[in-house]
Amino acid sequence: MNKFILPKHSAMLQADYIFGVATSSFQIEGARQARCESIWDRFCRVDGAVKDKSNGDTACEHIARWQQDVELIHSLGVDAYRLSISWPRVINDDGTVNLAGLGFYQALVDELVAKGLKVFVTLYHWDLPQALEDKGGWLNRETAVAFAQYSEVVCKALGEKVYAYTTLNEPFCSAHLGYEVGIHAPGIRSQSAGRQAAHHLLLAHGLAMQVLRTHCPKSRHGIVLNFANADAASDSPSDIKAAKIADDYCNHWYIKPIIDGCYPALLAQLPKDVQPDIQAGDLEIISAPIDYLGVNYYTRNIYKSDGNGWYEQVAPTASHLTTMGWEIVPDSFCTLLLDLHQKYQLPTLYITENGAAFEDKIANGEVLDVKRLDYFQSHLLAVHQAIEQGVDIQGYFAWSLMDNFEWAEGYTQRFGIVHVDYNTQQRTLKASAKAYQAMLEARREAL
């Protein structure tokens with residue numbers, strides 16, 4: 001298959017449905033010397049933290065090549081571009097505004113709007129200023145206040161040229177991977193730290209929502225959460241219970257406070273010294289109405305009982321895996337969307353990330369990423385099926401626009417629909433990008 005096919009009647013092919021591509025600041029920007037240190041700069045220097053011992057100092061040189069990259073995005077025919085702002089590029093360590101850093105984003109947004117693209121801006125995609133981490137990071141309640149102040153600087157500068165603001169990208173990763181299991185920056189390993197970081201991240205979201213509503217009332221405002229189905233490894237009651245615990249701990253811990261104004265009942269079952277400090281009024285702030293929820297989906301997870309009343313993740317045994325070792329299960333994507341639709345009074349959804357990493361090689365100037373083509377095709381159909389069953393999904397963003405720095409995996413994993421040669425910074429459209437381009441061109445012609 002060298003093209004994407006959706007049913008002719010699909011709502012995804014209507015003019016108001018948004019197709020886009022996504023990136024994040026630390027993963028593509030480079031230009032390290034033009035901003036302050038982030039927790040990821042520090043983490044990359046920890047021995048063994050990043051698989052190939054790399055960092056984000058250069059990445060894809062997007063700061064230097066942003067105009068070329070905007071032309072690239074426009075050439076794909078997408079409706080929207082989802083980008084993130086680098087907090088340490090906008091705010092100096094002393095709290096003053098870096099006017100050059102802010103100016104970069106103003107110019108970028110202006111050019112994207114001039115090209116007719118809807119701009120989705122994520123305010124936090126994991127790159128906390130190290131100066132704030134030195135004061136406790138997300139374990140310090142004041143970081144949530146600082147985030148709201150930073151959000152005000154950005155939204156006042158970019159204004160309603162931005163179609164949609166996202167407060168946080170995947171707070172699960174920031175809290176659980178960064179503060180609880182320590183495989184992401186800042187590398188802390190403590191269950192109580194993970195739970196407290198999660199609460200302060202959600203508080204930061206709520207505080208920022210107040211700021212965004214005040215200064216950009218006509219833009220859309222929401223948050224992006226990552227989800228992976230929590231499936232039991234067997235039919236045994238202990239494994240089923242373990243999967244339910246994992247689902248609450250990893251998925252519903254983040255959406256339930258936002259939509260329902262409370263944490264899962266599992267919170268009360270945790271040891272007192274693990275439970276986060278939740279102050280009066282916090283959950284009211286966190287659960288302020290959102291205009292949309294961004295859903296990031298890549299795979300499902302399988303769990304079994306650890307024998308002590310908790311869960312243990314089981315490695316997938318399926319043959320269809322990405323190079324990340326993630327199982328390819330598009331049916332689980334549709335199931336997940338339907339489950340969320342049934343459990344919550346959801347706002348509009350956008351699929352803000354979906355994609356896969358594979359070994360991509362350039363041959364005769366082309367990258368025939370057939371496995372990625374198949375992945376996108378099956379997952380686009382899963383979204384279509386969810387919409388057919390009543391889920392309000394108004395957009396889909398492919399992750400990622402281009403190969404980039406993949407966090408703890410360094411440059412060993414390629415998620416892009418555009419190939420990047422890290423030696424020359426040459427961008428090459430993969431077959432998946434050309435198929436995306438062709439689908440959107442066919443949609444325009446049909447309309």
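Data table
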| quantity | calculated |
| --- | --- |
| Other-chain or far-sequence residues with amide H under 5 Å of Leu293's (modelled H) | Thr348, Leu349, Tyr350 |
| Lys, Arg +1 and Asp, Glu -1 on Cβ, resulting dipole of segment 1-113 about Cα centre, debye, nearest 20 | 400 debye |
| GNM result for the chain, Cα springs below 10 Å: residue of Trp66, Trp407, Trp138 fluctuating most strongly | Trp66 |
| Other-chain or far-sequence residues with amide H under 5 Å of Phe415's (modelled H) | Asn404 |
| Under 5 Å, built H, 5+ apart or other chain: amide partners of Trp126 | Asn169 |
| Helical mean residue ellipticity (222 nm; -39500 (n - 2.57) per DSSP H run of 4+; nearest 500) of the chain | -11500 deg cm²/dmol |
| Highest-first arrangement of 77-86, 187-196, where packing means the average Cβ count within 10 Å | 77-86, 187-196 |
| Cross-link reach list, lysines versus Lys3, counting only Cα pairs under 28 Å and skipping chain neighbours closer than eight places | Lys115, Lys118, Lys361, Lys371, Lys430, Lys434 |
| Peptides 432-445, 215-228 ordered by average Cβ neighbours within 10 Å, highest first | 215-228, 432-445 |
| Rel. contact order, % - alpha carbon contacts under 8 angstrom, at least six apart, the chain | 19 percent |
| Gaussian network model of the chain, springs between alpha carbon atoms under 10 Å - residue of Ala398, Ala197, Ala49 with greatest fluctuation | Ala49 |
| Over segment 177-254, relative contact order from alpha-carbon pairs under 8 Å, at least 6 apart, % | 17 percent |
| Calculated from backbone phi, Karplus (6.51, -1.76, 1.60) coupling profile of segment 350-356 in Hz, x at Gly/Pro | 10, 7, 8, 8, 7, x, 7 |
| Phi to ³J(HN,Hα) by Karplus 6.51 cos²θ - 1.76 cosθ + 1.60 over segment 69-74, Hz, x for Gly, Pro | 5, 5, 4, 4, 4, 4 |
| From phi via Karplus (6.51, -1.76, 1.60), per-residue ³J(HN,Hα) for segment 361-367 in Hz, x at Gly/Pro | 10, 7, 9, 6, x, 10, 10 |
| Accessible-area composition of the chain, carbon plus sulfur, in percent [1.4 Å probe] | 50 percent |
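The values are calculated or read from the model by the stated rules, or taken from the named source; none is laboratory data. Everything quoted here is computed from the prediction, not taken from an experiment. Here Cβ is always computed from backbone atoms with ideal geometry, including for glycine, and neighbour counts include all displayed protein chains. Heads up: the accessible areas ignore ligands, DNA and RNA and are worked out on the full protein's heavy atoms, side chains in. Shrake-Rupley method; radii C 1.70, N 1.55, O 1.52, S 1.80 Å.
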